[in-house]
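Engineer: Take this structure, written in structure tokens, and hold onto it; I'll ask about it next.
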């Protein structure tokens, strides 16, 4: 991700300034309403939105109002569900945030207590699903951490778009622990592992299934192995492998057909 220098510099400098503000607010144990005020200020000063026209509370969902919404040119970019600064973000808070987004047809939702920021992508399928794309604790990161700056910049006024958020989601998904677990269990990686094991012990004999079982039992955490996210990642790897195999067959067949056949120039000579 290539973030404009001025955006990166604003995020870095403002995050440094807000570290003191957030720390003081935690010490005072401010309530949810006061936390929302800080979040609104951050959306303006850190992320670059126009505070009085683009940061709004005027989004009604089934008779209730979401805490904050970002609207640019009459288009709602994302919703923000806020909790008080010392509230630990839990599954019921996530569900509340996702329900707001799903009921309003908004793909992106932020759940935050001003310190911890969680960015969720909603999948509009049956049933409605979500992915935690990025999470950051603003009191624990270095304000010069380029990876964190780049990720947070995706929410900024300058960088947010359907195209950039889709690319951001795909990038984060590709390097998630679920995708990595699925990659480790893929046929090509297992084959490479068996080759490496034979270098250590030439007489070793282990099948892909046996190696996979060992990985799931002793190497990869059970909650990751058995998660729906890893199951989806396995399906993606499996589909990609089938496509690659079909492509290889077509390429091989095409090459074989061409062997020994005269070109138009050769046949006419």
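Engineer: Please determine whether any residue of region 170-186 is more than 14 Å from the chain's Cα centre (by Cα), in the same structural domain as residue 69 (by TED's automatic domain parsing) and surrounded by 15 or more Cβ atoms within 10 Å (Cβ to Cβ).
Structural biologist: Checked against the condition, which is being more than 14 Å from the chain's Cα centre (by Cα), in the same structural domain as residue 69 (by TED's automatic domain parsing) and surrounded by 15 or more Cβ atoms within 10 Å (Cβ to Cβ), region 170-186 yields no hits at all.
Engineer: Among the numbered criteria (1) modelled with pLDDT under 75; (2) surrounded by fewer than 13 Cβ atoms within 10 Å (Cβ to Cβ); (3) in contact with a helix residue (DSSP H, G or I) (Cβ under 9 Å, 6 or more places away or on another chain), which one does residue 241 miss?
Structural biologist: (2)
Engineer: Check residue 137 against each of (1) in contact with a strand residue (DSSP E or B) (Cβ under 6 Å, 6 or more places away or on another chain); (2) loosely packed, with under 13 Cβ neighbours inside 10 Å; (3) under 19 Å from residue 33 (Cα atoms) and name the one condition it does not meet.
Structural biologist: (3)
Engineer: Can you report the number of residues in region 130-177 which are in a strand (DSSP E or B) and either under 14 Å from residue 4 (Cβ atoms) or in contact (Cβ under 8 Å) with a residue 40 or more places away in the chain (or both)?
Structural biologist: 2
Engineer: Continuing with this model, one more query. Looking at 257, 229, which is the one that is surrounded by fewer than 10 Cβ atoms within 10 Å (Cβ to Cβ), in a helix (DSSP H, G or I) and modelled with pLDDT under 85?
Structural biologist: 257
Engineer: Out of curiosity, is residue 69 on the phi < 0 side of the Ramachandran plot, in a strand (DSSP E or B), assigned by TED's automatic domain parsing to the domain that holds residue 13 and out of contact with any helix residue (DSSP H, G or I) (no Cβ under 7 Å at 6 or more places or on another chain)?
Structural biologist: Criteria met by residue 69.
The values are calculated or read from the model by the stated rules, or taken from the named source; none is laboratory data. Here the structure is a predicted model, which means the values were calculated and not measured. Glycine gets a Cβ as well: all are built from the backbone with ideal geometry, and neighbour counts include every protein chain shown.
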